[in-house]
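Worksheet for the structure shown next.
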Amino acid sequence: MDDLKAKELTLMEGDCIEKMKELEDGSIDCIITDPPYMIQLMHGKNRMNWDSEFDTDAWAAECYRVLKAGGHIVAFSATRTLHKITSSLEGAGLEVRDCIHWIYGSGFPKNHDVAKAIDAYLLTGNSHTRSLRKLELEYGGESYQYKGRNNGMMGQRYEHERKEYSLQTEEAKIWKGYGSCIKPAVEPAILCRKPLEEGSIVKQVLSNGCGALNIDAARIRYGDPAWPFGKDNQRTRITKGSKFKLDQGSGGYNDPNKIHRSVPHPLGRYPANLYYCPKPSQRERDYGLEHLKTQKVKSKMNHRNGAKGRLDGAPEPERANFHLTVKPLKLMRYLVRLLTPPGGVVLDPFLGSGTTAMAAILEGHDCIGIERAPEYIPIIQGRVAWSQDEYFNENAQLKLF
């Protein structure tokens, strides 16, 4: 097919609230974005502005303005700050439709061991993490020794020795096992829709193409771990006492003595408000970035505690894509398929390292992305170029017709 052409990214550099004002009213089919979570794990002089509060009300008002009637928006957040953007989106006039939960299971708890902290406070007068770490090393704790490189996720391996820390004070022993938080394993994304103007979904879809979700395109194929419950690789299942009959000879609807065959949809499971997908690998993060120099990535742990290096003693990893909150490409492609109408344009006001744009292009849609951090622009450009090449690879068979 000679006219097979990859879609394009229109990249706008600057603050998203100001840049969105340059877009026309009702010009966007859907918005898929990953705003700052505003959890502010980093404190004092080491706080990073990407995790800070932003004007959610002004942002939501612009989202409402640029969306077409019936257009959807899905915006990620942390479990404890989702209410902030939800309140703003609803206040701007958008209808809350659902909440999609991305499950990944690999998060690490930012736990503060209360018993050890009591020891640190009573013995040193300070319960901050650095004081606690010194106390652990003095009375037990852990040590890591860098040994070389292998093919692990971080590219390093370590010799690890752990010694059990012994609580030193009676007050601390009372609170042994107590902490400050549970392990994060899910990130929610609020799903909203701009109100219909035509009175019904049918009329709205016929008017401007918006208002509906692409259910069949987003179905989860049987056996796909995106639906982590049960064995769904069977194409048929047998149920006893089914109220449904598929042919004239299968018996009455409510006859408990009859065995009826229930046939699942050939395209897969109906999409739910839950989706399992692991965090992206380093290889996926660096798609299309072979030409860029790598640089050291400071972990969230470093930022939070003001440490010069990793608190566990391991070297800081070097990556071409040094963005700290990269979403999985599989997850973002799923959302693009679900929300974007035929020929629709996707907007991401917080483009980051460009995953939404990659997903839109791979699914055959143009994308408008806004990013204010200039250091991410080369990363976006490289990953988008990779996506355009990959689009041809995935659709090469179309050239045969």
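Could you give every pair whose Cβ atoms fall below 9 Å, whose first residue belongs to the stretch 337-356 and is in a helix (DSSP H, G or I), and whose second residue is among the polar types (S, T, N, Q) and surrounded by 21 or more Cβ atoms within 10 Å (Cβ to Cβ), counting only separations of at least 6 or pairs across chains? Close Cβ pairs (under 9 Å, with a partner that is among the polar types (S, T, N, Q) and surrounded by 21 or more Cβ atoms within 10 Å (Cβ to Cβ)) amount to T356/T33. Entry remark, the stretch 314-336: residues being aromatic (F, W, Y) and part of a loop (DSSP other than H, G, I, E, B) number 1 in total. The one condition from (1) under 24 Å from P328 (Cα atoms); (2) modelled with pLDDT of 95 or more; (3) not hydrophobic (A, V, I, L, M, F, W, C) that G70 does not meet is (1). For the stretch 78-117, filtered to residues that are open to solvent by 40 Å² or more (accessible area, probe 1.4 Å) and polar (S, T, N, Q), the residue that is farthest from C192 (Cα to Cα) is N111.
The values are calculated or read from the model by the stated rules, or taken from the named source; none is laboratory data. In this text the structure is predicted, and so the values were computed from the model without any measurement. Quick reminder, even Gly has a Cβ in these numbers, built from the backbone with ideal geometry, and neighbours come from all protein chains shown. Surface accessibility is based on the protein's heavy atoms, side chains included, excluding ligands, DNA and RNA. Shrake-Rupley method; radii C 1.70, N 1.55, O 1.52, S 1.80 Å.
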